[in-house]
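Data block below; observations after.
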Amino acid sequence: MRVLVVGGGGREHALCWKLARSPMLTKLFCAPGNAGIAAIAECLALGADDVTALVEAARAQAIDLVVVGPEAPLTLGLADACRAAGIACFGPSAAAARLEGSKTFTKEVADAAHAPTAAWARFTDADAARAYIRAQGAPIVVKADGLAAGKGVVVATTIAEAEAAIADIMEARAHGTAGESVVIEECLIGEEVSFFALCDGTRALPFAAAQDHKRAFDGDTGPNTGGMGAYSPAPAFTPALQAETMARIIQPCLDEMARRGTPFTGVLFAGLMLTVNGPKLIEFNVRFGDPECQVLMLRLADDLLPLLHGAALGRLPDAPPRFADNHAMIVVMANRGYPGAVVNGSVIGGLDAASRHALVFHAGSVADGGAVRAKGGRVLGIAAAAPDLRAARDAAYAGVEALDWPEGFCRRDIGWRAL
Ligand code: AMP
Ligand code: GLY
């Protein structure tokens, strides 16, 4: 099969790395890819959001399956356009991708499916939002309703903090039009887990769980990021909790999407809070997590390609995919300043040395002659799998130590909760 992966981050590098091992693969493309992906796939210089150009390229290259990494092209209708062109696509339609694009929509689907989630209310008026916050009290969670690159959420410990979030999101429009409305939620208490399920429109199969670290600095301090590291499995997420999540959250929401005429195909990423009353849904994403995907790919024992192709065609296999009985960890190396402004162009050394200890997934890198230069916020992910989490951590950090990139930084405490 000829496969095109869309995206150019660490998640897409991991998807390409795993797909490249499939005996079913004949040729792998990635658009736009990055310096690491270029070693295992033919990179096409197309924007991941350029739906028209991507479908044209898929046609020209006789692609059998398009695998979409990030959410943006999905919300723009890339999966719809592929299917209209007769090309199988792993990823939801634009209508189903609203599960990530709109927090209100997700809440409505979860409520209709009777899936456990935080109590909530939506406001388009800032004064009404403030009145609700004062009535509910703190802690309370304020979210910009639209896509805000994972940054439009404030978990407020005081009423003043929640009111400041309203001013920021709705009045100062810190996240642009995503702040036209806000969702205000009950604050859930517990351990957070990322759970992934493969969906073919009607059926869902459990994939695996991971935990990530969203704050920029050690001790879970500093600003929220896309994720600074992750590990899998998530020890708190027992097989019983996984079964409960499939039965009470994933399958009912999948059924509700089908009932609405917008069946969900692709990977459903459930952000869960493991509360004393069981798992509760925080949010859905309509794609693999980054960097969670990287550790899942390291642990997946089965061939990824027939799984993604089966989901895309509406015929997932009967049995859930198998994972190695091991532990994987990834440590993200970010460009100094991330998640704020960064300077691009610094040279990354020691990549070969790092590769002797761990797998190096590229996220924001460009090849420049013989050099590899940083481009973007999250630049590399250093990942390893081992029989236990401690050994996986040691290997990943040995890879980090071998790098020669003074402009980069990482967290030193990935996995602290599980270790
Ligand atoms: P989201 O962008 O919806 O994933 O939210 C970002 C982070 O905010 C989540 O990963 C949680 O840590 C936190 N969060 C979101 N909603 C809630 C909630 N209702 N209760 C507690 N924490 C939450
Ligand atoms: N690491 C969290 C995400 O991909 O949204």
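The values are calculated or read from the model by the stated rules, or taken from the named source; none is laboratory data. As the structure is a computational prediction, the values presented were derived from the model and not from experiment. So basically every Cβ, Gly included, is an ideal-geometry build from the backbone, and we count neighbours across all protein chains shown. To get the accessible areas, we keep the full protein, side chains included, count just its heavy atoms, and leave off ligands, DNA and RNA. Shrake-Rupley method; radii C 1.70, N 1.55, O 1.52, S 1.80 Å.
Odds and ends about this structure:
- Test: A144 is small (G, A, S), within 24 Å of the chain's Cα centre (by Cα), surrounded by 20 or more Cβ atoms within 10 Å (Cβ to Cβ) and more than 16 Å from ligand 2 (Cβ to nearest atom): no
- Any chance P321 is within 17 Å of F195 (Cα to Cα), within 16 Å of ligand 1 (Cβ to nearest atom) and either aromatic (F, W, Y) or surrounded by 15 or more Cβ atoms within 10 Å (Cβ to Cβ) (or both): no
- Filtered residues of segment 282-317 (kept if within 11 Å of ligand 2 (Cβ to nearest atom) and touching a Cys at 6+ places or on another chain (Cβ under 9 Å)): F284, R287
- Restricting attention to segment 237-268, the residues that are over 21 Å from A312 (Cα atoms), open to solvent by 30 Å² or more (accessible area, probe 1.4 Å) and in a helix (DSSP H, G or I) total 8.
- First in segment 44-60 and touching a residue at least 60 places away in the same chain (Cβ under 8 Å), second anywhere and crowded, with 18+ Cβ neighbours inside 10 Å, Cβ under 6 Å, 6 or more apart: none
- When residues in segment 221-235 are screened for being open to solvent by 50 Å² or more (accessible area, probe 1.4 Å) and within 14 Å of ligand 2 (Cβ to nearest atom), 1 of them pass.
- Filter pass, L46 being touching a helix residue (DSSP H, G or I) at 6+ places or on another chain (Cβ under 6 Å), more than 16 Å from ligand 1 (Cβ to nearest atom) and at pLDDT 95 or above: yes
- Close Cβ contacts (under 7 Å, 6 or more residues apart or on different chains) running from residues in segment 289-302 that are within 16 Å of ligand 1 (Cβ to nearest atom) and modelled with pLDDT under 95 to residues that are open to solvent by less than 10 Å² (accessible area, probe 1.4 Å) and in a helix (DSSP H, G or I) are absent.
- Some residue of segment 3-16 being crowded, with 22+ Cβ neighbours inside 10 Å and of a type in the set (K, R): yes
- Annotation note: of G101, G137, G176, the sole residue that is within 16 Å of ligand 2 (Cβ to nearest atom) and open to solvent by less than 50 Å² (accessible area, probe 1.4 Å) is G101.
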